Amino acid sequence: MDILQDILNDPRVTPQLILLVGIALSVFFVFMGFAGFTTSENTAARRMRVGSISQGHGQDFDLIQGDNSDPHGLLKAFVPSSKRERSRIGKLLKQAGIRQKHAIRTYYTFRVVLGFVLPAAFVATMALPIETQVQLGIADLLQGVTWVNTMQVVTALMVLGFYGPALWLRRRIKKRRQAIEHSLPNALDLLQVAIEAGLGFDAAMIRVSHEMAKAAPEISQEFSVLQLELQAGKERQAAFLDMANRVGIDEMNSFANAFLQSNQYGTSISASLRRFATDMRLDRELRAQEKANRLPVQMSAVMAMCMMPVLLLICLAPMLIRWVNMFGQG
C-alpha cells in the first residue's frame, strides 16, 4: 500500500495517465475474455467425450511431443482449456519445426505478453515528459495525438501483439513446406543411391539425413524424427503417415503411400523412388510453366493501367492544342 501511495503521490503521475492505463487494461482483459470465449469448447461436445478410451502406441502416438497437459495456476489465463485447441496449435508448431516440450505454453504466453507489452510501451511513451520526447525525437509524432487516436493505437497494438505470432507461425509453416518440397527430390535420389549401394532402407534414411543436415535441414529433421520413432517401436505405417501429416504437403503424403505400398506388395523400393523423384521433378516443371504462362495475363492489366493514360495523352494532346489555339484566337 505504501508503494502504491508513493506512486499516486508522484507529480509525474497525472489523472490522465491513470485513466489511460486503466482504459488500456480494461480493453486488454475484455479482449482476452472475448478471445477465450470464442475458442472455448462446446459443452455438449465435452460431455460426449467423457469416458472415451485413450489410445496407446499407434497412429496417434508421437515420440517427440510437447506438454499438452491441462494448464494450472496462472497458465489458465493464457493457455486454452480445450484439449482440441491445444492439439491444433501443437500440430501447427510441429509443422513449423518447433518441438520443444513447453512449446504450446510458450506460444500462448508470448502472444498474451506481447499483446500487453506493445500497448503498455505506447502508453509509457505517451506519459514521458516533453523534454524526454524531444530528446528521443518523437515529440512531433505525439504532439497531435488525441484521446481517440490513443485508444485506436492501443487497440491496434493489442490486436497486432496477439495475432502477430499466429501470422508469423503460418508464414514459417509455409516457408518450411516449400523448403521440404524443393529438397525432397534430391533426398529421394540420395536415398535411391544409398539403397542401390547395399544399405537397408532405415540405414539409408539415416545416412541421407546426415548428408543433408546442412543443405536441407528441414527434410533431414523429418527423416531423423521418423527413424527415432521407428527405433522406439512405433509401427512403420503409423510413423510414415504421421510424418506426412506433420509436413502437410501432397508430395510427402505420396512418398509415404508409395513406400507403404512397395513394402506391402514386395516391389522394388529403389524403382519406386526413382519413378517418384522423376514425377516430382516433372510436376515441379509443369507448375513453373503454369506460372510462366499466367504472367502475360497478369501483366496485361498492369501494362494497361500504366500505358493507357500515356497513349490517351499522346493521342488527345494535338487535338487539345488545336482547340486551345482556336478558342484562344476567337
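Every number in this text was worked out from the coordinates using simple rules, so none of it is lab data. Small disclaimer: the values here were computed from a predicted structure and weren't measured. When we count neighbours, we look across all protein chains shown, and the Cβ atoms used for this are built from the backbone with ideal geometry, even at glycine.
Residues 108, 163 in ascending order of nearby Cβ atoms (within 10 Å, fewest first): 163, 108.
May I ask for the equivalent-ellipsoid semi-axes of segment 176-283, computed as the square root of five times each C-alpha gyration tensor eigenvalue and listed largest first in whole Å?
Working: eigenvalues 59, 54, 44 Å².
Three semi-axes, in Å: 17, 16, 15.
Counting every other Cβ atom within 10 Å of each residue's Cβ, 276, 327 order from fewest to most as 327, 276. Inter-label distance, residue 236 to residue 136: 6.2 nm, where each label sits 7 Å from its Cα along the C-beta direction. Each residue of segment 175-189 was assigned a 3J(HN,Hα) from its phi angle through the Karplus expression (A = 6.51, B = -1.76, C = 1.60, θ = phi - 60°), giving 5, 5, 4, 5, 5, 5, 5, 6, 8, 5, x, 5, 5, 5, 5 Hz with x at Gly and Pro. Our coupling estimate for segment 245-254, obtained by passing each phi through the Karplus curve with A = 6.51, B = -1.76, C = 1.60 and θ = phi - 60°, is 6, 5, 6, x, 10, 5, 5, 5, 5, 5 Hz, Gly and Pro reported as x.
In the structure displayed, which of 91/234; 174/234; 175/291 lie more than 23 Å apart, Cα to Cα?
On the way: 91/234 19 Å; 174/234 28 Å; 175/291 19 Å.
Table pairs above 23 Å Cα-Cα are 174/234.
Look at 208, 193 and count the other Cβ atoms within 10 Å of each Cβ; fewest to most, that gives 193, 208. For the pair segment 257-303 and segment 155-199, the centres of their Cα atoms are 17 angstrom apart.
Measuring r between the beta carbons of residue 249 and residue 322 and using R0 = 45 Å, the FRET efficiency lands at 0.10.
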